[in-house]
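**Q** Attaching a single structure in structure tokens format; questions to follow.
The values are calculated or read from the model by the stated rules, or taken from the named source; none is laboratory data. The shown structure was predicted, so the numbers you read here are calculated from the model rather than taken from an experiment. Cβ: placed from backbone, ideal geometry, glycine included. Neighbour counts: every protein chain shown.
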């Protein structure tokens with residue numbers, strides 16, 4: 001059985017989604033909706049940035065970008081999301097696609113159109129977690145999530161080269 | 001499903017809760033006008049979590065109905081152990097036996113926090129008070145809960161007060177028990 | 001004990017400096033900043049002299065008449081530097097390594113404070129007193 005902090009984190013995440021949603025509930029237009037998600041994404045970013053500082057404390061140095069990505073898909077994902085990423089694809093030119101076939105924050109949702117429409121809210125925090133973690137590891141990127149059928153999710157990472 | 005990871009997942013999850021909560025508080029401080037508003041929002045978030053968390057607690061522990069407030073206090077203790085990994089003490093019972101304090105010597109939510117001077121009005125861990133209120137409401141106990149002492153403000157311990165208001169039996173929806 | 005510890009950010013700007021003797025602060029600051037090039041060199045994989053090891057502790061960086069400098073770089077590219085008096089022969093590499101690990105751990109805790117904005121200079125008094133304790137060997 002999962003330990004108690006698991007459900008605490010699930011509930012906290014759920015409430016943060018609701019809080020950022022509610023903060024703009026009177027203004028229903030599209031711009032505001034995007035802003036909701038950017039707040040949520042930022043909360044994830046800031047959390048990921050701090051978390052990775054702690055997690056990589058006792059780890060050897062990463063060899064390169066791909067080595068870092070593999071770490072995100074395995075050790076990192078297992079620690080945060082309870083399972084590894086199921087599939088990692090890359091074009092070897094700064095694009096990575098991480099696929100989780102049973103994503104923690106979607107796994108309790110039933111499949112159906114109205115749930116699919118709500119899905120972006122439940123993946124935005126994680127997009128931020130990924131971006132924040134990588135940013136602190138000096139990999140600057142844009143992260144977008146794609147949900148085609150629940151509870152599976154693909155995270156598209158586009159590295160920003162300078 | 002593979003769970004293999006070099007990390008202690010229990011520790012990571014607890015840190016994840018601490019860090020996520022911290023970021024949320026910092027974001028609220030930025031978004032809202034007063035610390036008082038933040039305190040209210042944190043309590044409300046806790047309340048919403050509490051009304052869901054109680055189901056998990058009841059199924060996990062197989063707990064039955066509370067006999068009295070002393071029994072309730074004991075169950076709150078085991079919930080702290082289960083969800084936050086800490087063991088508070090129950091002290092300072094009121095003469096009428098309708099009020100008590102939970103004393104936390106350590107609190108994972110505040111362990112890594114340093115409160116800026118301008119946020120002395122902030123009740124950082126007000127979420128916990130909300131969780132207690134929300135969870136107990138679902139078992140027909142109307143209580144008030146507030147922070148009396150706060151380690152973030154230099155107090156030795158964190159003290160959370162719980163006051164019993166009334167039983168909610170009359171407000172039960174028809175057809176449910 | 002060490003005489004000075006410094007934390008330098010990703011962008012090579014100093015974030016924190018602590019010196020046991022305040023009179024020497026300026027001269028040590030200068031020495032610490034000059035060591036950054038050596039650190040960059042060690043980390044550059046294209047460089048032949050780059051360290052093969054994946055360890056965060058880089059070991060001894062360089063020595064001057066009066067002092068020795070040691071380096072450590074976190075996975076998040078934060079540079080930690082410790083200065084030891086040249087006359088000090090009791091501190092071994094392992095002692096320095098463990099000092100760095102303690103400072104690193106304190107740094108990670110400090111970054112976890114939700115009211116600290118990453119990249120800002122570190123002003124926490126609590127952090128300062130802990131680091132002083134670490135380099136003087138009282139923690």
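**Q** Which members of the stretch A:117-147 meet the condition of being surrounded by fewer than 23 Cβ atoms within 10 Å (Cβ to Cβ), out of contact with any helix residue (DSSP H, G or I) (no Cβ under 8 Å at 6 or more places or on another chain) and touching a residue at least 24 places away in the same chain (Cβ under 8 Å)?
**A** A:119
**Q** A further question follows. Could you list, in sequence order, all residues of the stretch B:56-80 that are touching a residue at least 40 places away in the same chain (Cβ under 8 Å), over 13 Å from the mean Cα position of the chain (by Cα) and facing chain A (nearest Cβ under 10 Å)?
**A** B:57
**Q** If you scan the stretch B:107-158, which residues turn out to be within 14 Å of chain C (Cβ to nearest Cβ), part of a helix (DSSP H, G or I) and closer than 20 Å to residue B:85 by Cβ?
**A** B:127, B:151, B:152
**Q** Moving to a separate point now. Of all the residues that make up the stretch C:59-77, how many are within 14 Å of another protein chain (Cβ to nearest Cβ), closer than 15 Å to residue C:103 by Cβ and in contact with a strand residue (DSSP E or B) (Cβ under 7 Å, 6 or more places away or on another chain)?
**A** Adding up the residues that qualify gives 3.
**Q** Something else now. Given the conditions (1) over 29 Å from residue A:63 (Cβ atoms); (2) surrounded by 14 or more Cβ atoms within 10 Å (Cβ to Cβ); (3) more than 14 Å from chain B (Cβ to nearest Cβ); (4) out of contact with any helix residue (DSSP H, G or I) (no Cβ under 6 Å at 6 or more places or on another chain), which single one is not true for residue C:104?
**A** Only one criterion is unmet by residue C:104, namely (1).
**Q** Based on what the data block shows, is residue C:123 closer than 14 Å to residue C:20 by Cβ and assigned to a loop (DSSP other than H, G, I, E, B)? Steps first, please.
**A** On the way: closer than 14 Å to residue C:20 by Cβ: no; assigned to a loop (DSSP other than H, G, I, E, B): yes.
So residue C:123 does not fit the description; no.
**Q** Looking only at helices (runs of 4 or more DSSP H) that lie completely in the stretch A:60-154, which have at least 3 residues being within 12 Å of chain B (Cβ to nearest Cβ)? Walk me through it before giving the result.
**A** Details: elements: A:65-71, A:77-81, A:113-136.
Fully inside the stretch A:60-154 and qualifying: A:77-81, A:113-136.
**Q** Using the structure shown, decide if residue B:50 is within 7 Å of another protein chain (Cβ to nearest Cβ), in contact (Cβ under 8 Å) with a residue 24 or more places away in the chain, in contact with a helix residue (DSSP H, G or I) (Cβ under 9 Å, 6 or more places away or on another chain) and crowded, with 18+ Cβ neighbours inside 10 Å.
**A** Working: within 7 Å of another protein chain (Cβ to nearest Cβ): no; in contact (Cβ under 8 Å) with a residue 24 or more places away in the chain: yes; in contact with a helix residue (DSSP H, G or I) (Cβ under 9 Å, 6 or more places away or on another chain): yes; crowded, with 18+ Cβ neighbours inside 10 Å: yes.
No; evaluated as a whole, the condition is false for this residue.
**Q** Give the residue, chosen from C:126, C:56, C:89, C:80, that is surrounded by fewer than 14 Cβ atoms within 10 Å (Cβ to Cβ) and within 13 Å of another protein chain (Cβ to nearest Cβ). If you could, list the steps in order and put the result at the bottom.
**A** Details: C:56 fails: surrounded by fewer than 14 Cβ atoms within 10 Å (Cβ to Cβ); C:89 fails: within 13 Å of another protein chain (Cβ to nearest Cβ); C:80 fails: surrounded by fewer than 14 Cβ atoms within 10 Å (Cβ to Cβ).
That would be C:126, the only listed residue that is surrounded by fewer than 14 Cβ atoms within 10 Å (Cβ to Cβ) and within 13 Å of another protein chain (Cβ to nearest Cβ).
**Q** Hey, another quick one. Examine the stretch B:20-37 for a residue that is away from chain C (no Cβ under 14 Å) and under 30 Å from residue A:71 (Cβ atoms), and state whether such a residue exists.
**A** No - not one qualifying residue is present in the stretch B:20-37.
**Q** Take residue C:94 and tell me if it is within 17 Å of the chain's Cα centre (by Cα), farther than 12 Å from residue C:5 by Cα and either away from every other protein chain (no Cβ under 11 Å) or crowded, with 21+ Cβ neighbours inside 10 Å (or both). Can you show your working first?
**A** Numbers: within 17 Å of the chain's Cα centre (by Cα): yes; farther than 12 Å from residue C:5 by Cα: yes; either away from every other protein chain (no Cβ under 11 Å) or crowded, with 21+ Cβ neighbours inside 10 Å (or both): yes.
Yes: the conditions hold for residue C:94.
**Q** Can you tell me which residue is nearest to the chain's Cα centre (by Cα) among those in the stretch C:16-26 that are at pLDDT below 90 and surrounded by 14 or more Cβ atoms within 10 Å (Cβ to Cβ)?
**A** C:25
**Q** If you scan the stretch B:1-19, which residues turn out to be within 19 Å of residue A:43 (Cα to Cα), within 14 Å of chain C (Cβ to nearest Cβ) and over 16 Å from the mean Cα position of the chain (by Cα)?
**A** First, the residues of the stretch B:1-19 that are within 19 Å of residue A:43 (Cα to Cα): B:12-19.
Still in the list and also within 14 Å of chain C (Cβ to nearest Cβ): B:12, B:14-19.
Once the filter is applied, which keeps residues that are within 19 Å of residue A:43 (Cα to Cα), within 14 Å of chain C (Cβ to nearest Cβ) and over 16 Å from the mean Cα position of the chain (by Cα), the stretch B:1-19 yields B:12, B:15, B:16, B:19.
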